Amino acid sequence: MANAPVELQQSWQALEQFRQFLDGLEAQVCRAEEMQQQVRARQALEASRPPRKRDRLLRMLGLRG
């Protein structure tokens, strides 16, 4: 690449920077999806548990649906 014209080198650098940006964006999306799956799993686990005294009290007080 050192022998390529300056314009081509600049374009190549811009493409490389964009690729790095996309890699970072992909990593963020993957982390967000993993966190979302964990939240859904926790919610499903919580929904399958028998109600606790605290939950019943909160429902009676109208603080929980």
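The values are calculated or read from the model by the stated rules, or taken from the named source; none is laboratory data. Please read these numbers as outputs of a predicted model, since none were measured by experiment. Positions of Cβ are backbone-derived with ideal geometry, glycine not excepted, and every protein chain shown enters the neighbour counts. Areas reflect the complete protein model, heavy atoms only, side chains present, ligands, DNA and RNA absent. Shrake-Rupley method; radii C 1.70, N 1.55, O 1.52, S 1.80 Å.
Structure notes:
- Along its first, second and third principal axes, ordered by size, the stretch 7-65 spans 70, 20, 11 Å in Cα coordinates.
- Applying the criteria of a DSSP loop state and at most 14 other Cβ atoms within 10 Å to the trypsin sites (Lys or Arg not before Pro) of the stretch 13-65 yields Arg52, Arg64.
- In this structure the chain gives 96 Å² per residue of accessible area when probed at 1.4 Å with all protein chains present.
- Split the accessible area of the stretch 15-57 by element, probe 1.4 Å, and carbon with sulfur accounts for 58%.
- Adding -39500 (n - 2.57) for every DSSP H run of four residues or longer, then dividing by how many residues the chain holds, sets the calculated 222 nm ellipticity at -28000 deg cm²/dmol.
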